[in-house]
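Rule-based calculations on the coordinates, nothing more; no lab input. Note that the structure is predicted; figures quoted are calculated from it, not measured. Cβ: placed from backbone, ideal geometry, glycine included. Neighbour counts: every protein chain shown.
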Amino acid sequence: MQKKTTVIGGVLLALSLLASPLTVEKASAAAAVPAWQQTADSIIQLGESYMGTPYVYGAERFQDKTFDCSSFVQFLFDQYGIDLGWNAREQAVQGEWVPFDQLRKGDVMFFSDEDFPNETGLSKVRHVGIYIGDGKILHTYEPGIGVTISTIHNDPRDGEYWYEHYLFAKRMITAN
């Protein structure tokens, strides 16, 4: 019995030594990803898990059965300790302004609405979504569609709508 324990122990030791470089490599790779990107990736991954969740204008806050655009963004960021306002206009005054050509994953994008063409200033802000990279937005905006991913340019469902109604973006995830 003693020999089997030694052999098993030796095998376990050998396996742990073989696994060590992989573990160290994975740990190094994770450490190389900036904290802001880890947070953005987590927010996006959580948001994508809600794909198809029904859109309801004025949805109750801090629950995950239905969302409107701002409650969806608020809910996701709240899960990672980032407090955002209750509606798109309140969220629009938070964070750091980001030029369109410098968008990165996790930035919050704000849009106007074709139904309100004469609005000015913050009143023009009618929609909010999360930039997920590759020219795409994670958001919710219409009954029957629910949480979805849209393409900013040439979206299969909405064409150039998101690009034409884009107002600005804000960075809510700090750089550390």
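Enumerate the amide H contacts of LYS136 below 5 Å, restricted to partners 5 or more residues apart or on another chain; note that Pro and chain-start residues carry no placed amide H.
Placed amide hydrogens put ILE152 under 5 Å from LYS136.
Show the residues, 5+ positions off or on another chain, whose built amide H is closer than 5 Å to the amide H of PHE168.
Under 5 Å from the amide H of PHE168: PHE110.
Packing-wise, with mean Cβ within 10 Å as the measure, how do 116-129, 91-104 rank, highest first? Don't jump to the answer; show the numbers that get you there.
On the way: 116-129: 15.5, 91-104: 13.6.
My ranking of the peptides, most packed first, is 116-129, 91-104.
With the Cα gyration tensor of region 37-103 giving a ≥ b ≥ c as the square roots of its eigenvalues, does the rule (a/c under 1.5 for rounded; else a/b larger than b/c for prolate; else oblate) give rounded, prolate or oblate?
On the way: a/c = 1.76, a/b = 1.29, b/c = 1.37.
Oblate shape, in that a/c is at least 1.5 and b/c is the bigger or equal ratio.
Report the extension gain between VAL56 and ASP78 in nm, rounded to one decimal, defined as 0.36 nm multiplied by the number of residues separating them, less their alpha carbon distance.
So the chain would gain 6.0 nm between VAL56 and ASP78.
Taking 0.36 nm per intervening residue step and subtracting the Cα-Cα distance, what contour gain separates ASP101 from LEU122 on full extension?
Numbers: separation 21, 0.36 × 21 = 7.56 nm, distance 2.19 nm.
Here the segment from ASP101 to LEU122 would lengthen by 5.4 nm.
Compute the distance from the alpha-carbon center of region 116-144 to that of region 34-87, in whole Å.
Measuring centre to centre over Cα atoms gives 14 Å.
PRE reach from GLN37 (point 7 Å along Cα→Cβ): which of region 135-176 fall under 17 Å by backbone N?
Backbone N within reach: 135, 173-176.
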